Amino acid sequence: MGIMGCCSDFLQRVKPYVAMISLQFGYAGMNIISKVSLNHGMSHYVLVVYRHAFATLSIAPFALILERKVRPKITFSIFVQIFVLGLLGPVIDQNFYYAGLKFTSPTFSCAMSNILPAMTFVMAVLCRMEKVDLKKIRCQAKVVGTVVTVAGAMLMTLYKGPIMEMVWTKHVHPHRSSAPETTDSSDKDWLKGSMFLIVATLAWAALFVLQAVTLKQYSAQLSLTTLICFMGTLQAIAVTLVMEHKPSAWSIGWDMNLLAAAYAGIVTSSIAYYVQGLVIQSRGPVFASAFSPLMMIIVAIMGSFILAENIYLGGVLGAVLIVVGLYSVLWGKYKEHKENKKSKVMSLPLTLKNSEGNGEGMDIKDEDEKGKKANSMNLSTSDDRSTIKVRFPIPEIPMKVEAPNA
(Lines give C-alpha, C1' and ligand atoms only; values in the text may rest on other atoms or scores of the structure.)
Protein backbone atom coordinates (compact mmCIF):
# COMPACT_ATOMS: atom_id res chain seq x y z
CA MET A 1 0.00 0.00 0.00
CA GLY A 2 2.87 2.36 0.76
CA ILE A 3 4.44 1.89 -2.68
CA MET A 4 1.08 2.38 -4.42
CA GLY A 5 0.45 5.51 -2.40
CA CYS A 6 3.87 6.95 -3.29
CA CYS A 7 3.32 6.17 -7.00
CA SER A 8 -0.12 7.80 -6.95
CA ASP A 9 1.25 10.91 -5.22
CA PHE A 10 4.11 11.11 -7.73
CA LEU A 11 1.71 10.86 -10.69
CA GLN A 12 -0.46 13.62 -9.24
CA ARG A 13 2.55 15.91 -8.91
CA VAL A 14 3.93 15.32 -12.42
CA LYS A 15 0.56 15.62 -14.19
CA PRO A 16 0.78 19.43 -14.67
CA TYR A 17 4.35 19.14 -16.00
CA VAL A 18 3.46 16.38 -18.47
CA ALA A 19 0.34 18.27 -19.59
CA MET A 20 2.15 21.55 -20.29
CA ILE A 21 5.12 19.88 -22.03
CA SER A 22 2.69 17.90 -24.20
CA LEU A 23 0.89 21.14 -25.09
CA GLN A 24 4.15 22.73 -26.22
CA PHE A 25 4.77 19.79 -28.56
CA GLY A 26 1.21 20.24 -29.84
CA TYR A 27 1.76 23.95 -30.53
CA ALA A 28 5.09 23.21 -32.19
CA GLY A 29 3.48 20.63 -34.47
CA MET A 30 0.79 23.15 -35.41
CA ASN A 31 3.44 25.66 -36.52
CA ILE A 32 5.32 23.10 -38.61
CA ILE A 33 2.21 21.61 -40.28
CA SER A 34 0.69 25.04 -40.97
CA LYS A 35 3.95 26.26 -42.49
CA VAL A 36 4.03 23.26 -44.85
CA SER A 37 0.39 23.83 -45.81
CA LEU A 38 0.95 27.53 -46.50
CA ASN A 39 4.04 26.73 -48.58
CA HIS A 40 1.89 24.42 -50.71
CA GLY A 41 -0.37 27.33 -51.62
CA MET A 42 -3.25 27.15 -49.15
CA SER A 43 -4.80 30.53 -48.36
CA HIS A 44 -4.40 31.52 -44.72
CA TYR A 45 -7.90 33.05 -44.83
CA VAL A 46 -9.39 29.67 -45.75
CA LEU A 47 -7.19 27.94 -43.18
CA VAL A 48 -8.59 30.17 -40.43
CA VAL A 49 -12.17 29.34 -41.47
CA TYR A 50 -11.61 25.58 -41.50
CA ARG A 51 -9.57 25.68 -38.29
CA HIS A 52 -12.27 27.32 -36.19
CA ALA A 53 -15.00 25.28 -37.82
CA PHE A 54 -13.21 22.14 -36.63
CA ALA A 55 -12.70 23.76 -33.21
CA THR A 56 -16.40 24.60 -32.89
CA LEU A 57 -17.54 21.11 -33.89
CA SER A 58 -15.09 19.43 -31.51
CA ILE A 59 -15.81 21.48 -28.38
CA ALA A 60 -19.53 22.22 -28.78
CA PRO A 61 -20.76 18.75 -27.64
CA PHE A 62 -18.79 19.01 -24.39
CA ALA A 63 -20.14 22.50 -23.72
CA LEU A 64 -23.75 21.40 -24.38
CA ILE A 65 -23.50 18.38 -22.07
CA LEU A 66 -21.22 19.50 -19.26
CA GLU A 67 -22.49 23.06 -18.85
CA ARG A 68 -26.19 22.69 -19.57
CA LYS A 69 -27.11 23.55 -15.95
CA VAL A 70 -24.57 26.31 -15.27
CA ARG A 71 -24.68 28.25 -18.53
CA PRO A 72 -25.71 31.91 -17.96
CA LYS A 73 -28.08 33.79 -20.23
CA ILE A 74 -26.58 35.86 -23.04
CA THR A 75 -27.37 39.55 -22.74
CA PHE A 76 -26.71 42.19 -25.37
CA SER A 77 -23.56 43.31 -23.57
CA ILE A 78 -22.19 39.75 -23.44
CA PHE A 79 -23.06 39.24 -27.13
CA VAL A 80 -21.07 42.35 -28.09
CA GLN A 81 -18.10 41.14 -26.05
CA ILE A 82 -18.24 37.69 -27.70
CA PHE A 83 -18.44 39.37 -31.12
CA VAL A 84 -15.31 41.42 -30.37
CA LEU A 85 -13.53 38.36 -28.95
CA GLY A 86 -14.26 36.45 -32.15
CA LEU A 87 -12.92 39.38 -34.17
CA LEU A 88 -9.73 39.69 -32.10
CA GLY A 89 -8.87 36.00 -31.88
CA PRO A 90 -9.97 33.93 -34.87
CA VAL A 91 -10.01 36.79 -37.41
CA ILE A 92 -7.29 39.36 -36.64
CA ASP A 93 -4.87 37.27 -34.61
CA GLN A 94 -4.94 34.08 -36.68
CA ASN A 95 -4.94 35.77 -40.10
CA PHE A 96 -2.03 38.04 -39.25
CA TYR A 97 -0.19 35.19 -37.53
CA TYR A 98 -0.49 32.88 -40.53
CA ALA A 99 0.53 35.72 -42.85
CA GLY A 100 3.60 36.38 -40.70
CA LEU A 101 4.36 32.66 -40.56
CA LYS A 102 4.22 32.51 -44.36
CA PHE A 103 6.77 35.30 -44.77
CA THR A 104 9.13 34.25 -41.94
CA SER A 105 9.68 30.86 -40.28
CA PRO A 106 8.07 28.74 -37.54
CA THR A 107 10.98 29.39 -35.15
CA PHE A 108 10.75 33.14 -35.62
CA SER A 109 6.95 33.10 -35.22
CA CYS A 110 7.17 31.15 -31.95
CA ALA A 111 9.83 33.50 -30.61
CA MET A 112 7.71 36.55 -31.41
CA SER A 113 4.75 34.93 -29.65
CA ASN A 114 6.74 34.99 -26.40
CA ILE A 115 6.20 38.74 -26.12
CA LEU A 116 2.53 38.02 -25.40
CA PRO A 117 2.84 38.19 -21.56
CA ALA A 118 4.63 41.55 -21.79
CA MET A 119 2.00 43.03 -24.12
CA THR A 120 -0.78 41.69 -21.92
CA PHE A 121 0.85 43.33 -18.91
CA VAL A 122 1.03 46.71 -20.67
CA MET A 123 -2.62 46.53 -21.73
CA ALA A 124 -3.68 45.49 -18.22
CA VAL A 125 -1.88 48.53 -16.80
CA LEU A 126 -3.54 50.84 -19.33
CA CYS A 127 -6.94 49.36 -18.47
CA ARG A 128 -6.20 49.71 -14.73
CA MET A 129 -6.42 45.97 -14.21
CA GLU A 130 -2.80 45.90 -13.03
CA LYS A 131 -1.19 48.23 -10.48
CA VAL A 132 2.44 49.35 -10.76
CA ASP A 133 4.41 50.60 -7.76
CA LEU A 134 7.98 51.26 -8.89
CA LYS A 135 9.19 51.27 -5.28
CA LYS A 136 8.64 47.50 -5.10
CA ILE A 137 11.09 45.05 -6.66
CA ARG A 138 8.37 42.87 -8.17
CA CYS A 139 6.93 45.83 -10.09
CA GLN A 140 10.41 46.83 -11.26
CA ALA A 141 10.94 43.27 -12.50
CA LYS A 142 7.69 43.39 -14.49
CA VAL A 143 8.51 46.75 -16.07
CA VAL A 144 12.13 45.82 -16.89
CA GLY A 145 11.04 42.45 -18.23
CA THR A 146 8.51 44.11 -20.50
CA VAL A 147 11.13 46.49 -21.90
CA VAL A 148 13.66 43.68 -22.45
CA THR A 149 11.02 41.51 -24.17
CA VAL A 150 10.06 44.29 -26.57
CA ALA A 151 13.75 44.99 -27.24
CA GLY A 152 14.28 41.32 -28.12
CA ALA A 153 11.33 41.40 -30.50
CA MET A 154 12.66 44.53 -32.18
CA LEU A 155 16.12 42.94 -32.51
CA MET A 156 14.63 39.87 -34.19
CA THR A 157 12.60 42.10 -36.49
CA LEU A 158 15.30 44.53 -37.62
CA TYR A 159 18.43 42.36 -37.56
CA LYS A 160 18.99 38.93 -39.08
CA GLY A 161 22.77 38.53 -39.05
CA PRO A 162 24.74 35.55 -40.30
CA ILE A 163 23.37 32.03 -40.46
CA MET A 164 24.08 29.94 -37.35
CA GLU A 165 25.42 26.47 -38.09
CA MET A 166 24.04 23.93 -35.62
CA VAL A 167 25.56 20.53 -34.91
CA TRP A 168 22.70 18.55 -36.42
CA THR A 169 22.28 20.73 -39.52
CA LYS A 170 25.76 19.96 -40.82
CA HIS A 171 24.86 16.31 -41.23
CA VAL A 172 21.23 16.71 -42.27
CA HIS A 173 21.73 19.44 -44.89
CA PRO A 174 25.38 19.39 -45.98
CA HIS A 175 24.71 21.31 -49.22
CA ARG A 176 22.81 24.19 -47.64
CA SER A 177 25.86 26.49 -47.83
CA SER A 178 25.55 26.56 -51.63
CA ALA A 179 22.11 28.19 -51.42
CA PRO A 180 21.79 31.64 -52.95
CA GLU A 181 22.22 34.69 -50.78
CA THR A 182 19.24 36.46 -49.30
CA THR A 183 17.78 39.01 -51.67
CA ASP A 184 16.34 42.40 -50.88
CA SER A 185 12.82 41.16 -51.62
CA SER A 186 13.14 38.37 -49.05
CA ASP A 187 14.37 40.90 -46.49
CA LYS A 188 11.29 43.01 -47.18
CA ASP A 189 9.07 39.95 -46.79
CA TRP A 190 10.82 39.15 -43.49
CA LEU A 191 10.17 42.69 -42.19
CA LYS A 192 6.56 42.56 -43.38
CA GLY A 193 6.08 39.19 -41.73
CA SER A 194 7.51 40.57 -38.47
CA MET A 195 5.01 43.41 -38.50
CA PHE A 196 2.18 40.94 -39.09
CA LEU A 197 3.30 38.86 -36.11
CA ILE A 198 3.43 41.93 -33.84
CA VAL A 199 -0.12 42.90 -34.83
CA ALA A 200 -1.25 39.31 -34.21
CA THR A 201 0.31 39.33 -30.75
CA LEU A 202 -1.33 42.67 -29.92
CA ALA A 203 -4.72 41.25 -30.91
CA TRP A 204 -4.12 38.12 -28.82
CA ALA A 205 -3.13 40.22 -25.79
CA ALA A 206 -6.28 42.32 -26.19
CA LEU A 207 -8.30 39.09 -26.32
CA PHE A 208 -6.85 38.00 -22.96
CA VAL A 209 -7.76 41.31 -21.33
CA LEU A 210 -11.31 41.33 -22.73
CA GLN A 211 -11.80 37.63 -21.95
CA ALA A 212 -10.94 38.26 -18.30
CA VAL A 213 -13.73 40.86 -18.20
CA THR A 214 -16.21 38.60 -20.02
CA LEU A 215 -15.60 35.60 -17.75
CA LYS A 216 -16.78 37.64 -14.77
CA GLN A 217 -20.21 37.92 -16.42
CA TYR A 218 -20.24 34.63 -18.36
CA SER A 219 -18.44 32.02 -16.26
CA ALA A 220 -19.13 28.95 -18.45
CA GLN A 221 -15.68 28.51 -20.02
CA LEU A 222 -16.49 25.71 -22.48
CA SER A 223 -19.58 27.52 -23.72
CA LEU A 224 -17.68 30.78 -24.05
CA THR A 225 -14.93 29.09 -26.05
CA THR A 226 -17.53 27.48 -28.33
CA LEU A 227 -19.27 30.80 -28.94
CA ILE A 228 -15.99 32.57 -29.66
CA CYS A 229 -14.95 29.89 -32.17
CA PHE A 230 -18.40 29.89 -33.81
CA MET A 231 -18.54 33.69 -34.05
CA GLY A 232 -14.98 33.74 -35.34
CA THR A 233 -15.88 31.18 -38.01
CA LEU A 234 -18.73 33.36 -39.31
CA GLN A 235 -16.56 36.47 -39.33
CA ALA A 236 -13.67 34.60 -40.99
CA ILE A 237 -16.05 33.41 -43.75
CA ALA A 238 -17.06 37.03 -44.42
CA VAL A 239 -13.42 38.16 -44.55
CA THR A 240 -12.45 35.27 -46.84
CA LEU A 241 -15.29 36.04 -49.26
CA VAL A 242 -13.93 39.58 -49.56
CA MET A 243 -10.24 38.69 -49.81
CA GLU A 244 -10.38 35.45 -51.81
CA HIS A 245 -12.26 35.73 -55.09
CA LYS A 246 -11.30 32.33 -56.50
CA PRO A 247 -13.70 29.47 -55.68
CA SER A 248 -10.80 27.04 -56.01
CA ALA A 249 -9.27 28.50 -52.83
CA TRP A 250 -11.97 26.76 -50.80
CA SER A 251 -11.18 23.32 -52.22
CA ILE A 252 -9.70 20.93 -49.69
CA GLY A 253 -9.03 17.21 -49.97
CA TRP A 254 -7.35 14.40 -48.07
CA ASP A 255 -4.03 16.20 -48.03
CA MET A 256 -1.82 18.43 -45.86
CA ASN A 257 -4.37 21.27 -45.99
CA LEU A 258 -7.03 19.15 -44.30
CA LEU A 259 -4.50 17.91 -41.73
CA ALA A 260 -3.40 21.45 -40.92
CA ALA A 261 -6.98 22.68 -40.43
CA ALA A 262 -8.09 19.69 -38.37
CA TYR A 263 -4.93 19.58 -36.26
CA ALA A 264 -4.94 23.30 -35.51
CA GLY A 265 -8.67 23.32 -34.72
CA ILE A 266 -8.90 20.21 -32.55
CA VAL A 267 -5.49 20.21 -30.82
CA THR A 268 -4.57 23.88 -30.42
CA SER A 269 -8.02 25.50 -30.32
CA SER A 270 -10.12 23.06 -28.28
CA ILE A 271 -8.02 20.50 -26.38
CA ALA A 272 -5.37 23.08 -25.54
CA TYR A 273 -7.94 25.49 -24.08
CA TYR A 274 -9.35 22.79 -21.83
CA VAL A 275 -6.03 21.33 -20.62
CA GLN A 276 -4.47 24.74 -20.09
CA GLY A 277 -7.52 25.83 -18.10
CA LEU A 278 -7.17 22.82 -15.80
CA VAL A 279 -3.46 23.52 -15.22
CA ILE A 280 -4.10 27.21 -14.54
CA GLN A 281 -6.85 26.29 -12.11
CA SER A 282 -4.59 23.94 -10.13
CA ARG A 283 -1.15 25.60 -10.39
CA GLY A 284 -1.85 29.17 -11.53
CA PRO A 285 -1.14 31.15 -14.72
CA VAL A 286 2.52 31.75 -13.85
CA PHE A 287 3.21 28.00 -13.95
CA ALA A 288 1.38 27.59 -17.26
CA SER A 289 3.06 30.55 -18.96
CA ALA A 290 6.55 29.48 -17.90
CA PHE A 291 6.54 26.64 -20.46
CA SER A 292 5.98 28.82 -23.55
CA PRO A 293 9.71 29.26 -24.43
CA LEU A 294 9.96 25.47 -24.67
CA MET A 295 7.82 25.61 -27.81
CA MET A 296 10.37 27.88 -29.50
CA ILE A 297 13.19 25.40 -28.83
CA ILE A 298 11.12 22.45 -30.09
CA VAL A 299 10.13 24.31 -33.26
CA ALA A 300 13.72 25.40 -33.92
CA ILE A 301 14.96 21.80 -33.80
CA MET A 302 12.01 20.38 -35.75
CA GLY A 303 12.15 23.18 -38.32
CA SER A 304 15.84 22.65 -39.02
CA PHE A 305 15.26 18.91 -39.51
CA ILE A 306 11.96 18.94 -41.44
CA LEU A 307 11.95 22.30 -43.27
CA ALA A 308 15.73 22.90 -43.46
CA GLU A 309 15.12 26.44 -42.23
CA ASN A 310 18.00 28.76 -41.43
CA ILE A 311 18.65 29.99 -37.89
CA TYR A 312 20.11 33.50 -37.84
CA LEU A 313 22.24 35.20 -35.20
CA GLY A 314 19.72 38.02 -34.76
CA GLY A 315 16.99 35.47 -34.07
CA VAL A 316 19.09 33.70 -31.44
CA LEU A 317 20.04 36.94 -29.65
CA GLY A 318 16.49 38.26 -29.80
CA ALA A 319 15.10 34.96 -28.52
CA VAL A 320 17.48 35.06 -25.54
CA LEU A 321 16.32 38.59 -24.67
CA ILE A 322 12.67 37.58 -25.02
CA VAL A 323 13.11 34.58 -22.70
CA VAL A 324 14.98 36.67 -20.09
CA GLY A 325 12.34 39.39 -20.20
CA LEU A 326 9.54 36.84 -20.10
CA TYR A 327 10.84 35.17 -16.96
CA SER A 328 11.41 38.57 -15.35
CA VAL A 329 7.73 39.40 -15.88
CA LEU A 330 6.66 35.98 -14.62
CA TRP A 331 8.89 36.31 -11.54
CA GLY A 332 7.26 39.64 -10.73
CA LYS A 333 3.80 38.12 -11.12
CA TYR A 334 4.79 35.17 -8.91
CA LYS A 335 6.02 37.48 -6.14
CA GLU A 336 2.86 39.55 -6.44
CA HIS A 337 0.74 36.40 -6.08
CA LYS A 338 2.64 35.38 -2.95
CA GLU A 339 2.26 38.84 -1.41
CA ASN A 340 -1.47 38.83 -2.08
CA LYS A 341 -1.84 35.44 -0.39
CA LYS A 342 0.25 36.59 2.57
CA SER A 343 -1.77 39.78 2.97
CA LYS A 344 -5.00 37.77 2.98
CA VAL A 345 -3.62 35.55 5.75
CA MET A 346 -2.42 38.53 7.81
CA SER A 347 -5.80 40.25 7.51
CA LEU A 348 -7.64 37.47 9.36
CA PRO A 349 -9.44 38.73 12.47
CA LEU A 350 -7.61 38.35 15.78
CA THR A 351 -10.78 37.67 17.73
CA LEU A 352 -12.67 34.43 17.40
CA LYS A 353 -15.98 33.96 19.14
CA ASN A 354 -18.05 30.85 19.34
CA SER A 355 -21.16 31.52 21.31
CA GLU A 356 -23.85 28.99 22.05
CA GLY A 357 -27.03 28.90 24.01
CA ASN A 358 -25.36 27.57 27.17
CA GLY A 359 -23.33 30.73 27.60
CA GLU A 360 -19.88 29.22 26.95
CA GLY A 361 -17.38 31.17 24.86
CA MET A 362 -13.69 31.61 23.91
CA ASP A 363 -12.05 35.04 23.50
CA ILE A 364 -8.57 35.88 22.20
CA LYS A 365 -7.39 39.22 23.57
CA ASP A 366 -4.22 41.28 23.97
CA GLU A 367 -2.18 41.60 27.12
CA ASP A 368 -3.58 45.06 27.81
CA GLU A 369 -7.03 43.69 28.56
CA LYS A 370 -6.39 42.39 32.04
CA GLY A 371 -7.96 42.78 35.43
CA LYS A 372 -11.58 42.51 34.43
CA LYS A 373 -13.53 40.97 37.30
CA ALA A 374 -16.51 38.80 36.59
CA ASN A 375 -18.39 35.90 38.11
CA SER A 376 -16.21 33.43 36.19
CA MET A 377 -13.04 31.38 36.47
CA ASN A 378 -10.18 32.44 34.09
CA LEU A 379 -7.53 30.08 32.77
CA SER A 380 -4.85 32.14 30.94
CA THR A 381 -1.61 31.39 29.11
CA SER A 382 0.40 34.37 27.87
CA ASP A 383 3.54 35.09 25.89
CA ASP A 384 5.14 38.33 24.73
CA ARG A 385 2.33 39.17 22.31
CA SER A 386 -1.09 37.86 23.34
CA THR A 387 -3.17 36.30 26.09
CA ILE A 388 -5.68 33.51 25.62
CA LYS A 389 -8.50 33.41 28.13
CA VAL A 390 -11.04 30.66 28.43
CA ARG A 391 -14.06 31.56 30.50
CA PHE A 392 -16.28 29.02 32.17
CA PRO A 393 -19.36 30.30 33.98
CA ILE A 394 -19.64 29.09 37.57
CA PRO A 395 -23.09 27.65 38.15
CA GLU A 396 -25.04 28.84 41.15
CA ILE A 397 -25.46 26.22 43.90
CA PRO A 398 -28.88 26.40 45.51
CA MET A 399 -28.92 26.57 49.32
CA LYS A 400 -31.12 24.14 51.15
CA VAL A 401 -32.43 25.14 54.56
CA GLU A 402 -33.69 22.27 56.62
CA ALA A 403 -35.97 22.81 59.51
CA PRO A 404 -34.64 21.51 62.87
CA ASN A 405 -36.16 18.38 64.25
CA ALA A 406 -38.82 19.02 66.69
>> For Arg176, only one of the following conditions fails: (1) of a type outside the set (Asp, Glu); (2) over 31 Å from the mean Cα position of the chain (by Cα); (3) surrounded by 14 or more Cβ atoms within 10 Å (Cβ to Cβ); (4) at pLDDT 75 or above. What is its number?
In response: (4)
>> Just checking, does the stretch 119-128 include any residue being assigned by TED's automatic domain parsing to the domain that holds Leu321 and either hydroxyl-bearing (Ser, Thr, Tyr) or within 19 Å of Ala300 (Cα to Cα) (or both)?
In response: yes
> How about the stretch 215-245: which of its residues are part of a helix (DSSP H, G or I), modelled with pLDDT under 85 and over 15 Å from the mean Cα position of the chain (by Cα)?
Replying inline: Lys216
>> Considering only the stretch 313-326, I want to know if a residue exists there that is touching a residue at least 12 places away in the same chain (Cβ under 8 Å), assigned by TED's automatic domain parsing to the domain that holds Pro106, touching a Ser or Thr at 6+ places or on another chain (Cβ under 9 Å) and not in a helix (DSSP H, G or I).
In response: no
> Is at least one residue of the stretch 86-107 closer than 21 Å to Val324 by Cα, in contact with a helix residue (DSSP H, G or I) (Cβ under 7 Å, 6 or more places away or on another chain) and in the same structural domain as Met302 (by TED's automatic domain parsing)?
Replying inline: yes
> All but one of (1) surrounded by fewer than 21 Cβ atoms within 10 Å (Cβ to Cβ); (2) at pLDDT 90 or above hold for Arg71; which doesn't?
Replying inline: (2)
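The values are calculated or read from the model by the stated rules, or taken from the named source; none is laboratory data. Model, not experiment: these values are computed from the prediction. Backbone-built Cβ (ideal geometry, glycine too); neighbour counts: all protein chains shown.
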